[in-house]
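A.B. asks: Submitted below is the structure of interest, expressed as structure tokens.
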Amino acid sequence: MTRILVTGASGFVGRALVAELAGSGHSVRAAMRQPADVFPRSVEVVAVSDLTRPVEWRALLKGVETVVHLAGIAHAGPGIAEEAYDRVNRLATAELANAAHSIGIGHLVFISSIRAQSGPSSPETLRETDPPHPTDAYGRSKLAAEDALRATDLPFTILRPVLIYGPGVKGNLERLIRLAQTPWPLPLGLCRNRRSLLARQNLTGAILHILESPAAEGETYIVADPEPLTLAEIVAALRAGLGRSPGLWPVPPALMAMVLQAAGRAEEWQRLGGTQVADPAKLLRTGWRPAVDTRAGLEAVARTALPS
């Protein structure tokens, strides 16, 4: 049994991870800004201050063997200054890593992002060997956090997940689910751009796998479901989960891109209408086996989003 600190424990991934770790027999300290009674009684819940200010990491790390660092600004978004991304995502990670190294923590797993490597779309399949080219403040801050972690002598593993889905998902996928719930046909039948997605359960499974894999120390892994889907296939899977036919009209994607660009939503279209395929082969070679099939996972997410 390992004593593990999970930062960002109240987040979309954090809650699921803490429950998985506790269920697997680990002793978990869940760090969150607003402690709440949401975990099994065996989980130690502790308060951590906003990462815009320095954190007393040494106190949180006392008695801990391993850290999974999820806390940070989780998405690119308007109105967030580059300095805020840098403070929360890079500097707080560097401070945590230095504190962990000073007291002899055995392993830190950092949940970075595919955006440390690429913009919201890429014409080439993404692999860990590619030179990183983040295109926004969020991605740059995640890459800088990775570099800060590599600069320490602390044993670490970096995971770069792609867009994560699961019950309660927010952001672009939530909007896509709401669109799929509408009764009218959608002009997405010709959207053959492929996107890599990642089931939240597959990510938590990858983290548990890495914690049990000594050979993963010092490595960086892309984390994605093995089979990318086209945007049309994603919407069809969501509607299948709602018990409906796809209902997709064959409208040229270039026409939709022009319309959305004119409406000032070009970035939103690039996030969904662009291609982004990320290859998880390196992680698969370590023995990680995703438990959730992408189509079945999307169908299940759509069902959970139905009004009760």
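Just so you know, all these numbers are worked out from the coordinates, no wet-lab data involved. If you're wondering where the values come from, they're calculated on a predicted model, not measured in any experiment. Note: ideal-geometry Cβ built from the backbone for every residue, glycine included; neighbour counts use all protein chains shown.
A.B. asks: At S42 and E268, where each label point lies 7 Å from the Cα along Cα→Cβ, what is the point-to-point distance in nanometres?
C.D. replies: About 4.4 nm separates the two model spin labels.
A.B. asks: Using modelled backbone amide H atoms (1.01 Å from N, in-plane), which distant-in-sequence or interchain residues come within less than 5 Å of R194's amide H?
C.D. replies: Residues meeting the amide H criterion: Q276.
A.B. asks: Local charge sum around S213 (other residues, Cβ-Cβ under 14 Å, Lys/Arg +1, Asp/Glu -1)?
C.D. replies: Net local charge, S213 excluded: 0.
A.B. asks: Calculate how steeply helix 231-241 sits against the longest principal axis of the alpha-carbon atoms of the chain, using the helix alpha-carbon long axis, and give the answer as 0 to 90 degrees to the nearest 10.
C.D. replies: 80
A.B. asks: Taking θ = phi - 60°, what integer Hz values does the Karplus form 6.51 cos²θ - 1.76 cosθ + 1.60 yield along region 16-32, in sequence order, with x for Gly and Pro?
C.D. replies: In residue order, the calculated couplings are 5, 5, 4, 4, 5, 4, 5, x, 8, x, 6, 8, 10, 10, 9, 9, 8 Hz.
A.B. asks: If neighbour count is taken as other Cβ atoms inside 10 Å, put D50, D136 in order from fewest to most.
C.D. replies: Sorted ascending by nearby Cβ count, the order is D50, D136.
A.B. asks: Determine the dipole magnitude for region 105-245: charges of +1 sit on the beta-carbon of Lys and Arg, -1 on that of Asp and Glu, nothing else is charged, the reference point is the Cα centre, and the result goes in debye to the nearest 20.
C.D. replies: Using only the charged Cβ atoms, the result is roughly 820 debye.
A.B. asks: Ok, one more. Nearest 10 degrees, 0 to 90: what angle lies between the long axis of helix 294-304 and the longest principal axis of the chain (Cα atoms)?
C.D. replies: Taking Cα atoms only, the helix is inclined about 90 degrees.
A.B. asks: I need the trypsin sites (Lys or Arg not before Pro) found in region 207-291, filtered to DSSP loop residues with at most 13 other beta carbons within 10 Å of theirs.
C.D. replies: R265, R285
A.B. asks: Karplus couplings for region 89-104 from phi (6.51 cos²θ - 1.76 cosθ + 1.60, θ = phi - 60°), rounded to Hz, Gly and Pro as x?
C.D. replies: 8, 8, 5, 5, 5, 4, 5, 5, 4, 5, 5, 5, 5, 5, 10, x
A.B. asks: Also, I was wondering about something else. So which GluC sites (Glu not before Pro) in region 199-243 are both in a DSSP loop and have at most 11 other Cβ atoms within 10 Å of their Cβ?
C.D. replies: Listed in order of number, the matching sites are E212.
A.B. asks: Give me, ordered by chain and number, the residues 5 or more places off V223 or on other chains with an amide H under 5 Å from its own placed amide H.
C.D. replies: Placed amide hydrogens put R160, V162 under 5 Å from V223.
A.B. asks: Could you pull out every one of the lysines with an alpha carbon less than 27 Å from that of K170, ignoring same-chain neighbours closer than 8 positions?
C.D. replies: Correct list for K170: K142.
A.B. asks: Modelling each spin label as a point 7 Å along the Cα-to-Cβ direction, I'd like the M258/D130 distance in nm, to one decimal.
C.D. replies: Distance between the two pseudo-spin positions: 2.9 nm.
A.B. asks: Okay, next question. I'd like the Karplus ³J(HN,Hα) series for region 44-54: coefficients 6.51, -1.76, 1.60, θ = phi - 60°, whole numbers in Hz, and an x wherever there's a Gly or Pro.
C.D. replies: 8, 9, 10, 8, 10, 6, 4, 6, 6, 10, x
A.B. asks: Something else about it: Based on Cβ point charges of +1 for Lys and Arg and -1 for Asp and Glu, what charge dipole magnitude is obtained for region 1-51 about its Cα centre, in debye rounded to the nearest 20?
C.D. replies: My answer is approximately 60 debye.
A.B. asks: If you line up the long axis of helix 172-181 against the longest principal axis of the chain, both from Cα atoms, how many degrees apart are they, to the nearest 10?
C.D. replies: The angle comes out near 40 degrees.
A.B. asks: Measure off 7 Å from each Cα along the Cα-to-Cβ vector at W184 and A215, then give the distance between these two points in nanometres to one decimal.
C.D. replies: About 5.4 nm separates the two model spin labels.
A.B. asks: Here is a further query. In debye, nearest 20, what is the charge dipole magnitude of the chain about its Cα centre with +1 on Lys and Arg Cβ and -1 on Asp and Glu Cβ, if you could check?
C.D. replies: Roughly 720 debye, rounded to the nearest 20.
A.B. asks: Which of the listed residues, L283, V301, P252, is farthest toward the dipole's positive end in region 251-308, when Lys, Arg count +1 and Asp, Glu count -1 at the beta-carbon?
C.D. replies: Selected residue: L283.
A.B. asks: Please find the FRET efficiency linking R3 to Q34, where r is the Cβ-Cβ separation and R0 is fixed at 25 Å, and quote it to the nearest 0.05.
C.D. replies: On the way: r = 23 Å, r/R0 = 0.93.
Given R0 = 25 Å and the Cβ-Cβ separation, E is 0.60.
A.B. asks: Search the structure for amide H atoms under 5 Å from the amide H of L186, placed 1.01 Å from N in the peptide plane, and list their residues when 5 or more places away or on another chain.
C.D. replies: The answer is L248, W249.
A.B. asks: A further question follows. Could you calculate the contour length gain from S24 to E95, that is, 0.36 nm times the residue separation minus the distance between their Cα atoms, to one decimal place in nm?
C.D. replies: Answer, rounded to one decimal: 22.7 nm.
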